[in-house]
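Reading through the structure tokens given below for one structure.
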Amino acid sequence: MSHNSVASLDSGKGRTRRERCLGPSQVAKDLAYFEIWSAYQNCEEVDLSSDLPSEMRRHVNDVFRLTRRLPQTWTDKKSKVHRGFARVSDPEFADFLDSAHRSAPDLFSDDVRHDEEARCILHGLHTVFTAWKSAGMMRESSHKFSETEYAMKVLVRTAAVRHSLQRVQHAISLPQPSSTHKISTEAVRVLNAKVAKPDGALFIPTHCLTDLCESEQSAYKILCRSLKRRSGTVGGESSFRYQSTLCAKLPEARVFEFAGTFWEDKKPSQDELHAAYRQNRMATTSALRQLHALNVQAPVFGLVWAEGKVRAHVDWWQLKNGEVMIYSAPYGGPPFKGRRKRSSAFHEWDLAKPADIISVYLLMTNLDRWTTGAFCDAVVAGTSELARRVHAGQTVVPWRRSGDLARMVNRKVVHPEPTSAASTSTSTAPPSVKRKVKKRKPRTSSS
């Protein structure tokens with residue numbers, strides 16, 4: 001029996017038939033479906049500048065720090081570095097940098113030296129430049145290219161990621177709906193899916209977390225024993241091995257697996273752009289539910305790539321009246337110096353522009369460095385602290401989708417213990433979204 005199906009009773013024949021549940025892509029494309037899914041996950045869209053917790057602001061600012069990152073000598077025609085571009089690279093590469101400097105001079109600074117770090121960035125920018133030229137030829141071609149064929153974005157990401165683990169189309173587990181809501185019959189089709197496949201993600205490499213997992217007194221082993229004592233069962237989806245990883249498939253080794261960045265690629269359509277954001281939020285919500293369950297306070301970043309444009313959002317979890325809330329905020333770009341208002345909640349990078357494609361490359365390098373730096377530190381600190389707290393009665397509250405939600409329809413809500421890591425408060429079921437249902441003709445009974 002597939003977990004992607006929902007049971008319903010056909011009273012006329014007295015048999016149970018199965019109706020397939022909706023996948024993440026289907027939920028994201030239909031706003032009404034997504035409203036149901038997000039309501040049961042306690043998701044809200046908020047403002048980044050006013051609602052982001054102060055303790056996370058430094059991390060977010062570091063990730064989006066894109067100015068004053070490149071040496072000014074790269075655009076100084078009298079410098080040896082600039083003259084060297086013509087000898088060792090495509091002669092148009094210097095023009096590419098000059099164009100970026102003219103439109104966004106704050107990318108460059110006299111304070112940045114042409115050192116080893118700058119040379120690594122320069123090496124990646126050569127790949128970005130090659131992708132930018134290829135994309136230009138694709139745009140001028142009469143042939144219609146798919147988003148997959150529009151390989152510029154892939155090259156930008158590949159050139160930037162050096163330290164973290166990049167996974168493409170890797171299945172992750174979706175989260176269980178909030179235990180403070182009753183599961184309605186209408187919501188089961190939307191909520192019953194267990195797996196999502198974001199187009200890409202950045203994970204903390206396993207070797208960065210080995211100290212948390214290997215010894216008998218490691219955080220992993222302590223939490224594993226704690227959850228086993230609480231549930232009274234060994235193995236199965238309630239075991240700690242499932243809760244310690246975001247991935248749908250268990251790793252061979254008993255390790256933690258955390259991701260701090262997700263992205264979605266969509267075809268050039270405004271509707272698809274909004275759907276990509278919603279679908280990406282489903283992935284970030286899963287990551288944040290795992291972080292909450294394991295006592296890790298850190299933001300999760302999302303990127304949406306469509307029609308040669310890139311948008312970003314920042315998501316995080318917080319407790320509100322004892323209930324875990326998942327917040328998502330579009331990134332609106334750097335603050336305006338004047339009073340001019342933005343035309344959109346999102347800042348949009350246009351990869352056809354040299355300055356913008358360089359900015360996206362720098363953003364990806366920041367995310368790569370953050371994943372193995374500040375994000376990894378937050379994971380180590382949070383899980384280690386949770387391991388210490390279990391001696392006082394606290395434990396891990398399972399967060400992954402498990403079981404058949406059809407069996408939970410109209411079941412009495414059971415609230416978790418107040419000592420748990422994710423204590424919640426009493427709540428009613430979210431308001432259902434009305435959808436048109438075709439009326440069936442009554443069956444005639446046979447003698």
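The values are calculated or read from the model by the stated rules, or taken from the named source; none is laboratory data. A quick note: this is a predicted structure, and the numbers were derived from the prediction, not measured. Cβ atoms come from the backbone with ideal geometry, glycine included; neighbour counts cover every protein chain shown. Side chains included, ligands, DNA and RNA excluded: accessible areas come from the protein's heavy atoms. Shrake-Rupley method; radii C 1.70, N 1.55, O 1.52, S 1.80 Å.
Observations on the structure shown:
- Evaluated over segment 30-86, the Cα radius of gyration and Dmax, each in Å: 21.9, 61
- Sequence-ordered 3J(HN,Hα) estimates for segment 126-131 from the Karplus curve with 6.51, -1.76 and 1.60 and θ = phi - 60° stand at 5, 5, 4, 4, 4, 5 Hz, glycine and proline given as x.
- Among 89-100, 350-361, the order from most to least packed when residues are scored by Cβ within 10 Å on average: 350-361, 89-100
- Trypsin sites (Lys or Arg not before Pro) lying in DSSP loop within segment 302-337, provided at most 10 other Cβ fall within 10 Å: LYS337
- Ellipsoid fit via the Cα gyration tensor, segment 94-224: semi-axes of 40, 27, 14 Å, each the root of five times an eigenvalue, largest first.
- Proportion of all alpha-carbon pairs of segment 61-137 beyond 14 Å (%): 64
- Local charge for THR130 was computed over the other residues whose Cβ lies under 12 Å away, with Lys and Arg +1 and Asp and Glu -1, and equals -1.
- For the residues LYS266, LYS133, LYS77, LYS29, a 1.4 Å probe over the protein chains yields an accessible-area ranking, largest first, of LYS77, LYS29, LYS133, LYS266.
- Accessible area of ARG58 (1.4 Å probe, protein heavy atoms only, ligands and nucleic acids ignored): about 150 Å².
- Accessible surface calculations at 1.4 Å, restricted to protein heavy atoms, place segment 243-377 at 35 Å² per residue.
- Against the empirical 2.2 N^0.38 Å (N residues), segment 22-171 has a Cα radius of gyration ratio of 1.39.
- Of LYS77/LYS309; LYS197/LYS309; LYS29/LYS320; LYS29/LYS197; LYS194/LYS266, pairs whose Cα-Cα distance is over 26 Å: LYS77/LYS309; LYS29/LYS320
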